[in-house]
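Undergrad: Below you will find the structure I want to go over with you.
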Amino acid sequence: MDKKKQLIDLIKVVINNLENDYYNEITSGVLQLIYKRYKKALDVMENNEDIREVNIIGGVRAYMDSYNDYLNPLLGELHKAEKLNRELFIA
């Protein structure tokens, strides 16, 4: 599987987690910011727009600044997506 497809799949996982597990919290605050960035990133990736328009870097830090939950599975997915995004941006 190519990295672009992997990133799209990871972005969908994050969006799904946010919509299902944090529905009441994505209306404001840091989770809303992360949610909006990932929705925009998905749109960019699915429409084959410029990868530089994807702005998901910093979601892990924003989450950790607001929540002290190192064991949250969402955090792991955010980290994987950011790492893959960096790899695609450099390539």
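The values are calculated or read from the model by the stated rules, or taken from the named source; none is laboratory data. The structure presented is a predicted model; accordingly, all values stated were derived computationally and were not measured. Here the Cβ positions follow ideal geometry from the backbone for every residue, glycine too, while neighbour counts run over all protein chains shown. Surface accessibility is based on the protein's heavy atoms, side chains included, excluding ligands, DNA and RNA. Shrake-Rupley method; radii C 1.70, N 1.55, O 1.52, S 1.80 Å.
Undergrad: Criterion first (touching a residue at least 40 places away in the same chain (Cβ under 8 Å) and assigned to a helix (DSSP H, G or I)) does Asn16 satisfy it?
TA: Numbers: touching a residue at least 40 places away in the same chain (Cβ under 8 Å): no; assigned to a helix (DSSP H, G or I): yes.
Criteria not met by Asn16.
Undergrad: Can you tell me how many residues within the range 78-91 are open to solvent by less than 100 Å² (accessible area, probe 1.4 Å) and either over 21 Å from Asp21 (Cβ atoms) or acidic (Asp, Glu) (or both)?
TA: So the answer is 5.
Undergrad: What residue, among those in the range 5-58 that are more than 9 Å from the chain's Cα centre (by Cα) and among the hydroxyl-bearing types (Ser, Thr, Tyr), is least open to solvent (accessible area, probe 1.4 Å)?
TA: Ranking the qualifying residues of the range 5-58, first place goes to Tyr22.
Undergrad: Out of everything in the range 61-77 that is under 20 Å from Asp9 (Cα atoms) and crowded, with 19+ Cβ neighbours inside 10 Å, what residue ends up being modelled with the lowest pLDDT? Full working, then the answer.
TA: We begin by selecting, within the range 61-77, every residue under 20 Å from Asp9 (Cα atoms); these are 72-77.
Now drop any that are not crowded, with 19+ Cβ neighbours inside 10 Å, which leaves 74, 77.
On the way: Leu74: 91, Glu77: 95.
For the range 61-77, the residue satisfying everything is Leu74.
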